[in-house]
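Have a look at the structure below before the remarks.
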Amino acid sequence: MKPFTKLTAIAAPLPLMNVDTDMIIPKQFLRTIKRTGLGQSLFNDMRYDESGKPKADFVLNRAPYDHAEILVAGENFGCGSSREHAPWALLDFGFRCVIAPSYADIFYNNCFKNGILPVILKQEQVDAVMEDAQAGLDVTVDLPAQIVRSGNREFKFDMDPFRKRCLINGLDDIGLTLEKAGTITEYENRIGAERSWV
Amino acid sequence: MAKPRTLYEKIWDDHIVHRAEDGTCLIYIDRHLVHEVTSPQAFEGLRMAGRKVRSPERTLATADHNVPTANRAHGIADPESRLQVQTLSENCKEFCVTLYGMDDKRQGIVHIIGPEQGFTQPGMTIVCGDSHTSTHGAFGALAFGIGTSEVEHVLATQTLIMKPAKTMRITVNGALQDGVTAKDMILAIIGKIGTAGGTGYVIEYAGDAVRGLSMAGRMTMCNMSIEAGARAGLIAPDETTFAYLKGRPFAPKGADWDKAVAYWKTLQSDAGAAYDKDVVLNAADIAPTVTWGTSPEDVVPITGIVPDPKDAADANKRAAMERALEYMGLTPGTKMTDIPVDVVFIGSCTNARIEDLREVARVAEGKKVAANVRAMVVPGSGLVKEQAEAEGIATTLIAAGFEWREPGCSMCLGMNEDQLKPGQRCASTSNRNFEGRQGRGGRTHLLSPAMAAAAAIAGKLSDVRDFTKGAKSDAA
């Protein structure tokens, strides 16, 4: 996993609430057996018309947002299915960070597994970043300092320390857990005795 | 005396393998369900790292999202879907995981077959790369959806790295009215707390109306917990649960059964246990419920009208309502019972169990599907299909003009060829009415199986109580 530390980039504004994972990556793209190549299908139904032609009014089809690395969106971003294809598509397009007032739990979790930082700011702070994004200004996200800089404003954000450490160092969860293989076996032996039917 | 604990806390405590100083826990996973869409990259990850599946016996796979629900004699036509299902089959073989493939009568929607086989049991932790894993919470199991990276983590380690969730209790007091089912109850709950109301929580459903539900009804409720934002829903196990499980293929046998039941009986929230949030509803206030918009929180009683964005609480909400109405092609003030439908879809992990199909047959018996409607019935598993055929349900439905199909996820998400065309309006027993969910430009109204059957007959959204006066609902 690619580490995430500090990012200064174009932020694409998507001022919608309840952006669901079917919007982020519709079902027809879930037939893949790979993690890569989904960027071109990100937001497919909003981004292309039925003949597959890019819609000029959709944000990611316009400069400078066609090379945005930060996405700014409304509350409950990523609701719906557990498909990790959603963060894979965001990452493949070039997004490394999402800024929103809230996220659906599974999507939020999935971001961290892919080196994407989901930042939670208050609604009025998101509105401020959204304005700067709409003006095409760069936004800076500093994970070690837990700060978003947008225009001349700074917003502090909360972050779970374990998740922060994994993102900054690009740590692989499975490798970390396998270091505890002995503890897992002990648990299995104990529970196997107590709850033999499980 | 020990601090009173909620059901969630009891299950959580029983599965802690390791707790770090910052409260991050390594949680043991008892059961892992696998399907073709969210697993190929996980198996590939194992292969690349030279890892094995730690506990194949705790893992069960089936193909459901991509499989055809029409004639299967010629396999899967779409090359990508075919490759994905083949890949599952090869991965299961290589990693020694049991698979119910397309030619197995135990094949079906992953959240239907887990309970049906008795693989799902109270007090377990159960995961699947699918958000509707919350379904299994109906047994008093802690069950939730995970992404593919976590699927790989569970395959490799049989654990997950997690922090405890907050707890919410939703109590529905009293008895449901005639014609009102578990589906209406959960839609009403989502309408009340909102689609993000349960974010960060595990919801425990309680109260007489919940206690009175069959296992099918309980599964319908827990299934849609994710539509309220909660990764997991829970209902404490009781005699209804034990009676359902007894004798199922994976259920404990002999002395193990008695031991298991004794443990399962401890899986109740203690008196005085504290929840982070409490929500109370009266069953008598719940009518047959339908959605009008593109979020599962956009609900209205069937006796109601399409709402007006002018009445929205704030500008963001108003914008969302306007967008939803435009997408749905609806005008504020329209009576819900004046909305014609083109397609009726009966199926999905929410409502494709035998009890659901009995409800549909009860409403449809001796009647005909309206001329303007295509009505599909997709049983949840090969075994549900077989049972429905044995009970005469299939005959009744076919005679009424319904399509009787093979098991799978089908038009709930339209990954196979079962999709709405742009502009088509569907009365659907599934769980999501998102834009494009059932097909690009398709318009979805979520409702109960009985209500879907009524819509099929009338050719428009209808109040099932006008069809079945006095009859008591089976799924409730």
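The values are calculated or read from the model by the stated rules, or taken from the named source; none is laboratory data. Since we're looking at a predicted model, the values are computed, not measured. A quick note on method: Cβ atoms are made from the backbone with ideal geometry, for glycine too, and the neighbour counts reach across all protein chains shown. What goes into the accessible areas is simple: the full protein's heavy atoms, side chains included, and nothing from ligands, DNA or RNA. Shrake-Rupley method; radii C 1.70, N 1.55, O 1.52, S 1.80 Å.
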Applied in sequence order to the stretch B:389-398, the curve 6.51 cos²θ - 1.76 cosθ + 1.60 (Karplus, θ = phi - 60°) yields integer Hz couplings, x standing for Gly and Pro, of 5, 5, 7, x, 5, 4, 4, 4, 5, 5
Based on Cβ point charges of +1 for Lys and Arg and -1 for Asp and Glu, what charge dipole magnitude is obtained for the protein assembly as shown about its Cα centre, in debye rounded to the nearest 20?
480
Relative contact order (percent) for chain A, with alpha-carbon contacts under 8 angstrom and 6 or more residues of separation?
26
If you count the DSSP beta bridges with both ends in chain B, what percent of them are antiparallel, to the nearest 5?
25
Please give the Cα centre distance for the stretch A:1-24 versus the stretch A:56-107, rounded to the nearest Å.
3
Of all DSSP beta bridges with both partners in the stretch A:6-170, the antiparallel percent, nearest 5, is 50
Averaged over peptide A:136-142, how many Cβ atoms belonging to another chain are found within 10 Å of each residue's Cβ?
0
With +1 on the Cβ of every Lys and Arg and -1 on the Cβ of every Asp and Glu, the dipole magnitude of chain A about its Cα centre, in debye rounded to the nearest 20, is 460
Quick check: the distance between the Cα centres of the stretch B:182-216 and the stretch B:38-84, to the nearest angstrom?
32
Under 1.5 on a/c is rounded, so check that first for the stretch A:6-170, then, if it is not, pick prolate when a/b is larger than b/c and oblate when it is not; a ≥ b ≥ c are the square roots of the alpha carbon gyration tensor eigenvalues.
oblate
For chain B, dividing by residue count, accessible area per residue (probe 1.4 Å) in Å² works out to 33
Short version: which residues of the stretch A:92-113 lose at least 20 Å² of accessible area, all chains versus chain alone, 1.4 Å probe?
A:ASP105, A:ILE106, A:ASN109, A:LYS113
By a straight-distance test (C-alpha under 16 Å), which aspartates and glutamates pair with A:LYS180 as possible cross-link partners, with residues fewer than eight away in the same chain excluded?
A:ASP172, A:GLU188, B:GLU21
Heavy-atom accessible surface buried between B and A, both sides counted, 1.4 angstrom probe, nearest 100 Å², is 5500
How big is the antiparallel share of DSSP beta bridges in the protein assembly as shown, given as a percent to the nearest 5?
35
Karplus-derived 3J(HN,Hα), 6.51/-1.76/1.60, for each residue of the stretch A:90-105, Hz, glycine and proline x
4, 5, 5, 5, x, 6, 10, 8, 10, 10, 7, x, 6, 9, 6, 4
Which of B:SER131, B:LEU46, B:SER462 sits closest to the plus end of the dipole of chain B, meaning its Cα is farthest towards the positive end, when Lys and Arg get +1 and Asp and Glu get -1 on the C-beta?
B:SER462
Percentage relative contact order, chain B, counting C-alpha pairs under 8 Å, at least six apart
18
Identify which of A:ARG31, A:ARG47, A:ARG165 has the largest mean-square fluctuation in a Gaussian network model of chain A, with springs joining Cα atoms closer than 10 Å.
A:ARG31
What percent does the relative contact order of the stretch B:1-92 come to when contacts are Cα pairs within less than 8 Å and at least six residues apart?
26
Would you mind checking B:LYS310/B:LYS335; A:LYS156/B:LYS192; A:LYS113/B:LYS183 for any pair whose Cα atoms are more than 28 angstrom apart?
A:LYS156/B:LYS192; A:LYS113/B:LYS183
Taking amide H atoms as placed 1.01 Å from N in the peptide plane, list the residues 5 or more away in sequence, or in a different chain, whose amide H sits under 5 Å from that of B:ALA206.
B:ILE170, B:THR171, B:VAL172
Tell me which of B:THR120, B:PHE345, B:ILE186 sits at the most positive position along the dipole axis of the protein assembly as shown, charges placed on C-beta atoms (Lys, Arg +1; Asp, Glu -1).
B:THR120
Using +1 at the C-beta of Lys and Arg and -1 at the C-beta of Asp and Glu, which of A:GLY136, A:GLN125, A:ASN110 has the Cα lying farthest in the positive direction of the dipole of the stretch A:103-192?
A:ASN110
In whole percent, how big is the carbon plus sulfur part of the accessible area of the stretch A:6-170, probe 1.4 Å, protein atoms only?
49
Amide H contacts of B:VAL17 (H built 1.01 Å from N, under 5 Å, at least 5 apart or other chain):
B:LEU26, B:ILE27, B:TYR28
Give a residue-ordered list of calculated ³J(HN,Hα) values for the stretch B:73-81 (Karplus: 6.51 cos²θ - 1.76 cosθ + 1.60, θ = phi - 60°; whole Hz; x for Gly, Pro).
4, 9, x, 9, 6, 5, x, 5, 4
